[in-house]
Amino acid sequence: MSDKNPFYKILSIDGGGIRGLIAGLILVEIEKRTGKAISELFDLIAGTSTGGILALGLTVPDEKTGKAKYSAEEISKLYQERGNLIFQRNIKGLLGVFEEKYSSQGIETLLEEYFGESELKSALTDLLITSYDFEQMRQPFFFKSRQAKVNPRRNFKMKLIARATSAAPTYFEPFKLTTTRDEYYYSLLDGGIFANNPAMCAFAEAMKSYSPANLLMVSLGTGARTIEIAYEKAIHWGLLEWVRPLIYLMMNGNNETVDYQLKEIFAAREGSTYYRLQIDLPHDPEIQELDNVSPKNIRNLEKLAEELILNENNTLNEICNKLVSSSG
């Protein structure tokens, strides 16, 4: 950030499984309106789970040109055309009761294809990707490109980071990540268990590392669940009935709490601006699922993204104008 670029610009992308397509298509629109790659527009990009995959995909460099290997449109096709490979049914499992619901083979094959041997230290802009170490550290684990550039022990292949941040309990098995020399390992879960909306993590990282006077933050949701849980039904639920609803409640609760906190913080920061782009999902359980990759649902998610873009047209213009004017 310089006098010419007065804003420190942060992009934050929520988790949300296949609904990451909604955020992906917003990013497609931002690239169209600005004529610039996402990695050229933001100083820091934070992502959780599917948002982490988007963040990594938008900052992986092309080996020949040194610029972004993928456009937002190309990354969005991962959801539009390859979703069935991400959520590849685990034939050993019985509806996820005795085994994780999906085999990790499909998503790992896809991540290998998209990221190859690219490493975190090569990211085109600062990255912050969330995960959670449940065995050794028993606390949040953050992948930071700034650390990776100076500490080989914190530099990992992007495909492995993408797998770690999206290791959602009951959906995929946990991920064991070893250090470069196999001298230590981390047992990792999806960052969504503590920061499905990583915007506050990104804010803390920016303040700690740069203490910028003026911030511009764009936080992208992946659709807010709106289905109510009836009290009379819930009081009769046991462990199995509560597992999936509890995951959704925790995600929604974190998303809305972080949004509230940042609105209050930015309201007190003169010269800084915070934008949250989110849409309520229809009262249709199929659309609200994290793993519904049917062609019908993909079309539904595309329509929701179009609706959000239309509703937030003026806000998007404002965001894009600020990004371009401060990106040099």
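Taking residue 134, is it without any contact (Cβ under 8 Å) to a residue 60 or more places away in the chain, under 25 Å from residue 40 (Cβ atoms) and not aliphatic (A, V, I, L, M)?
So residue 134 does not fit the description; no.
In the set 267, 195, 199, 204, which member is out of contact with any Pro (no Cβ under 8 Å at 6 or more places or on another chain) and either crowded, with 17+ Cβ neighbours inside 10 Å or at pLDDT below 90 (or both)?
Numbers: 267 fails: either crowded, with 17+ Cβ neighbours inside 10 Å or at pLDDT below 90 (or both); 195 fails: out of contact with any Pro (no Cβ under 8 Å at 6 or more places or on another chain); 204 fails: either crowded, with 17+ Cβ neighbours inside 10 Å or at pLDDT below 90 (or both).
Just one listed residue meets the conditions, 199.
Of these, 34, 109, which one is surrounded by fewer than 20 Cβ atoms within 10 Å (Cβ to Cβ), within 17 Å of residue 171 (Cα to Cα), at pLDDT 90 or above and of a type in the set (Ser, Thr, Tyr)?
Working: 34 fails: within 17 Å of residue 171 (Cα to Cα).
None of the others qualify; the one that does is 109.
Give, as residue ranges, the strands (runs of 3 or more DSSP E) completely inside the stretch 151-256 that count at least 3 residues that are within 21 Å of residue 280 (Cβ to Cβ). So that I can check it myself, show each step before the final result.
Values: elements: 175-178, 185-190, 215-220.
Per the criteria, 215-220.
Kindly evaluate residue 42 against the criterion of being aromatic (Phe, Trp, Tyr), in contact with a strand residue (DSSP E or B) (Cβ under 6 Å, 6 or more places away or on another chain) and surrounded by fewer than 21 Cβ atoms within 10 Å (Cβ to Cβ). Before the answer, list the steps.
Working: aromatic (Phe, Trp, Tyr): yes; in contact with a strand residue (DSSP E or B) (Cβ under 6 Å, 6 or more places away or on another chain): yes; surrounded by fewer than 21 Cβ atoms within 10 Å (Cβ to Cβ): no.
No: the conditions fail for residue 42.
Just to verify a result, which residue in the stretch 224-244, among those that are at pLDDT 75 or above and surrounded by 14 or more Cβ atoms within 10 Å (Cβ to Cβ), is nearest to residue 211 (Cα to Cα)?
Filtering first and then ranking leaves 224.
Answer yes or no as to whether residue 206 is hydrophobic (A, V, I, L, M, F, W, C) and within 17 Å of residue 290 (Cβ to Cβ).
Details: hydrophobic (A, V, I, L, M, F, W, C): yes; within 17 Å of residue 290 (Cβ to Cβ): no.
No; evaluated as a whole, the condition is false for this residue.
Grab the helices (runs of 4 or more DSSP H) fully contained in the stretch 1-84, keeping just those with 3 or more residues being over 22 Å from residue 121 (Cβ atoms) and over 16 Å from the mean Cα position of the chain (by Cα).
The qualifying helices (runs of 4 or more DSSP H) are 20-34.
The values are calculated or read from the model by the stated rules, or taken from the named source; none is laboratory data. This structure is a prediction, so every number in the text was calculated from the model and none was measured. No Cβ is skipped: glycine too gets one built from the backbone with ideal geometry, and neighbour counts run over all protein chains shown.
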